[in-house]
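Peer 1: What follows is a single structure, and I will ask about it in a moment.
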Amino acid sequence: MPGLLRSLLGFIILVVIIGLATCQSLVKAEPSNSADAFLPSLSQARL
Amino acid sequence: MNRFSKVKRTVSDVLQRYSPRGLLLYFLPIALIPATFIALGKGHLLSILVNAAGFALYMLAAWCLRKGLQAEYIYTQSPLPHPPEKPLKTIAAVIAALATGMIAWLGAKHSLPVALMFAVGVFLGMYLRYGLDPRDANKITAAQGYSGHEIQQALADSSRIVRTIEQANERIRNTELNRRIERICAVANSILADIAADPRDFRRARKFLNIYLDGVLQVTQGYAKTHQQTHSGELEQNFRTVLDTIETVFQEQRQKLLEEDVFDLDVKIEVLNTQLKQEGIL
């Protein structure tokens, strides 16, 4: 495999995998993800 | 203590410090910073620890990677088969893989097998992007009563002196003299490479390593410092004459090493030694 192509492939793999893992970790920690936690209170408010 | 141990870091050693290669790992995990603070705000201890530790591990991996790339650069510039002592690029790949696996498992809440796939993927990405550390099987062997390590050390010291001469050469503002010094350094590097390839030449080349490289270093550094303060035609001519002599002797030295003509080599060395003493260089 030519060096440039190999390097580009490595770059893409690193960006995608590390980006995916860290962003998913951020989403799990994000308050918006805890919308489920708000839903009951919203439901209660509607009631 | 080796007499050349004073020659420390040179331009070549630090050249790659300013290269952007390897900086990617510093920026990719940036999302872990807000993730840590959000987890802190929500009071999730595990999430705080995982995100903060993951970020720290990525920074450590990036630092190792940059050091490994610098060591690899020095290795490729050196005429000697002296690979980096620690496999820093491989260590960086392992740390980045572990950090990603941990983030995917405990941070993103993937299952353990999926987290392992993340880790393997990052290791593969690191390998493809940066490669692994250079390992050279052609270690220098013992010869002429010297251990392989002693020869390796002497050659590494000499190689550092050559790089310091190159560094001093950059401060000299004279194209003709610059080219002469470059030619001397090129011959010196080829002699070092010859000795590394055939350590039996080490004993015969010791005077070259111990006296003349140091002499060239002193005279080049001295001229680089002096010519900036005073523009003397006589000084320049003397320096040119010395460089001419050194260049001739270096080329002869290499030829004699190739021809294994011990006697003639020693005679030439004595002649140059006397001349350099007369010039006040040694």
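Peer 1: So in segment B:195-210, with the set limited to residues that are at pLDDT 75 or above and surrounded by fewer than 16 Cβ atoms within 10 Å (Cβ to Cβ), which one is farthest from the chain's Cα centre (by Cα)?
Peer 2: B:Asp198
Peer 1: If the requirement is being assigned to a loop (DSSP other than H, G, I, E, B) and more than 10 Å from chain A (Cβ to nearest Cβ), which of these qualifies: B:Pro113, B:Pro134? Break it down into steps so the answer makes sense when it comes.
Peer 2: Values: B:Pro113 fails: assigned to a loop (DSSP other than H, G, I, E, B).
Unique residue meeting the criteria: B:Pro134.
Peer 1: Would you mind finding the one in B:Leu155, B:Leu128 that is at pLDDT 80 or above and within 14 Å of another protein chain (Cβ to nearest Cβ)?
Peer 2: Details: B:Leu155 fails: within 14 Å of another protein chain (Cβ to nearest Cβ).
So the residue among B:Leu155, B:Leu128 that is at pLDDT 80 or above and within 14 Å of another protein chain (Cβ to nearest Cβ) is B:Leu128.
Peer 1: Would you check if B:Gly54 is away from chain A (no Cβ under 11 Å) and either in a helix (DSSP H, G or I) or surrounded by 15 or more Cβ atoms within 10 Å (Cβ to Cβ) (or both)? Before the answer, list the steps.
Peer 2: Numbers: away from chain A (no Cβ under 11 Å): no; either in a helix (DSSP H, G or I) or surrounded by 15 or more Cβ atoms within 10 Å (Cβ to Cβ) (or both): yes.
No, not satisfied.
Peer 1: So if I check each of B:Trp63, B:Trp105, which one is within 12 Å of chain A (Cβ to nearest Cβ) and of a type outside the set (Gly, Ala, Ser)? Working first, answer last.
Peer 2: On the way: B:Trp63 fails: within 12 Å of chain A (Cβ to nearest Cβ).
Among B:Trp63, B:Trp105, only B:Trp105 is within 12 Å of chain A (Cβ to nearest Cβ) and of a type outside the set (Gly, Ala, Ser).
Every residue, every condition in (1) part of a helix (DSSP H, G or I); (2) touching a residue at least 40 places away in the same chain (Cβ under 8 Å); (3) farther than 15 Å from B:Ala224 by Cβ; (4) not assigned by TED's automatic domain parsing to the domain that holds B:Leu243, yes or no:
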residue	(1), (2), (3), (4)
B:Gln153	yes, yes, yes, no
B:Arg160	yes, yes, yes, no
B:Thr164	yes, yes, no, no
B:Glu182	yes, no, no, no
B:Ala186	yes, no, yes, no
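Peer 1: Does B:Leu217 fit the bill of being surrounded by 15 or more Cβ atoms within 10 Å (Cβ to Cβ), assigned to a helix (DSSP H, G or I), modelled with pLDDT of 80 or more and not polar (S, T, N, Q)?
Peer 2: Details: surrounded by 15 or more Cβ atoms within 10 Å (Cβ to Cβ): yes; assigned to a helix (DSSP H, G or I): yes; modelled with pLDDT of 80 or more: yes; not polar (S, T, N, Q): yes.
When the stated conditions are applied, B:Leu217 passes them.
The values are calculated or read from the model by the stated rules, or taken from the named source; none is laboratory data. Quick caveat: nothing in here was measured; it's all calculated off a predicted structure. Reconstructed Cβ throughout: ideal geometry from the backbone, glycine too, with neighbour counts over all protein chains shown.
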